[in-house]
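Here the structure is laid out as structure tokens; the discussion comes afterwards.
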Amino acid sequence: MPAGGVALYYDPLFLEHDTVGHIESAARVESCLALLEGSGFDRRLARPACRDATEEELARVHSSRHIEAMRHAGESGPELVLPDTVANRGTFAAAVRAAGAAAGATEAMVRGEFGSAFCLTRPPGHHAVATAPMGFCFFNSVAVAAKQARTARGVQRVAIVDIDIHHGNGSQDAFYTDPSVLYISTHQYPYSPGSGHWREIGEGAGAGATLNIPLPGGCGDDEYGLVFDEAILPALRRFRPELLLVSAGYDAHWDDPIDGAQMRLSSAGYGGLFRRLREVAGEVCGGRMVAVLEGGYHLTGLPWSVRNSIEAMLGEAPTPDPLGPAPPQPAPDIGGLLAAIRELHRLA
């Protein structure tokens, strides 16, 4: 496929992370692949091979003690490394391959091999902190990719836009004092993990390079669109990243079964967010955008949201999905929140 196309990064190794009935299951990526391949849509995408993250790449984000602990987690069979997080014999290999896929996709963007990429990977990563797993996550794939771009590929400015329903605390921690990485998160608040207040903006040299948009439950396509138009896109245009990374969490879908989820995005709504990201990436960084799968647990809503997102990356309208829009209900007023965030970050 010529440069300018969209690449899909997937590896069967991701299925080897066997969570034994947990909601973060292999069926998540299997359902996505079945939709993309069953419709023939995947034939329009490049399918490059995934690689493992190196020890050096992982160590830019995680402590050596954490890497070694994860190497042995679940090696004798299913193990609860946290009350909500399962490791098994295939977990370490899958997590290393997931982080490597994100780093490899980032390298391909910098080399100009593809226009953009979607990493259909698991386990997810944005909760993993330097010294520990957290929230179904073992290694922070997006953070590894951002560090690879900065350290090994000479990219001066990287932006991460996190659209998971949960705040990406691990990603925020990794770059909280780093002015070269703009971290932006939309998330339900208050909600697990409890971080991501709008006054959390970074520290030291990184002050202002963290933009949190903690939204009340009940926000749907219109509210998310307003957030992007009023805060996220202006911040990206001002920062002018050379590479845009997306923590693509789909658990803000209106029918997602994750406990406590109250958001109301539709699959087409996700497509609308990716359309905006594609447009701003085209303006500021030559279209270079890498999306990495985070959450999303509805086995119809997730694959259709992924497909609609990739369609947007291709510049196409979303194909109608079986679930459609969220049932109507009154929407929360987020005008005051957005005004405060715009004033704090001088986006007005």
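Quick look at the values:
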| item | result |
| --- | --- |
| Theoretical gain in end-to-end length, A59 to L82 [0.36 nm per residue, Cα-Cα removed] | 6.1 nm |
| Segments 14-27, 77-90 sorted - mean Cβ within 10 Å per residue, highest first | 14-27, 77-90 |
| Student exercise, segment 6-344 dipole from Lys, Arg, Asp, Glu Cβ charges, in Debye to nearest 20 | 940 |
| Cut-off under 5 Å, modelled amide H: who pairs with C119 long-range | Y9, A291, V292, L293 |
| Segment 283-348 shape via C-alpha gyration tensor axes, a/c threshold 1.5 | oblate |
| Added length on full extension, which subtracts the Cα-Cα distance from 0.36 nm per residue, R43 to E283 | 83.6 nm |
| Only Lys, Arg (+1) and Asp, Glu (-1) charged, at Cβ; segment 55-210 dipole about Cα centre in debye | 260 |
| Relative contact order (percent, whole number), the chain, Cα cutoff 8 Å, 6+ residue spacing | 18 |
| Positive-end extreme of charge dipole, the chain - chosen from G135, G170, P332 (charges on Cβ) | G170 |
| Extreme residue, positive dipole direction of segment 83-242, given options T85, P216, A235 (C-beta unit charges) | T85 |
| Cα-based shape type of segment 6-344, given that a ≥ b ≥ c are square roots of the gyration tensor eigenvalues and the cut on a/c is 1.5 | rounded |
| Cα→Cβ-extended label distance, 7 Å offset, between R237 and A339, nm | 2.2 |
| Per-residue HN-Hα couplings for segment 325-334 [Karplus 6.51, -1.76, 1.60; θ = phi - 60°; Hz; x = Gly/Pro] | x, 5, x, x, 7, x, 9, x, 8, 10 |
| Theoretical ellipticity at 222 nm over the chain - DSSP helices of four or more residues, -39500 (n - 2.57) apiece, nearest 500 | -10500 deg cm²/dmol |
| Distance between segment 144-196 and segment 22-69 - C-alpha centres, whole angstrom | 18 |
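Rule-based calculations on the coordinates, nothing more; no lab input. All figures in this text were calculated on a predicted structure; none of them were measured in a lab. We place every Cβ from the backbone using ideal geometry, glycine too, and count neighbours over all the protein chains shown.
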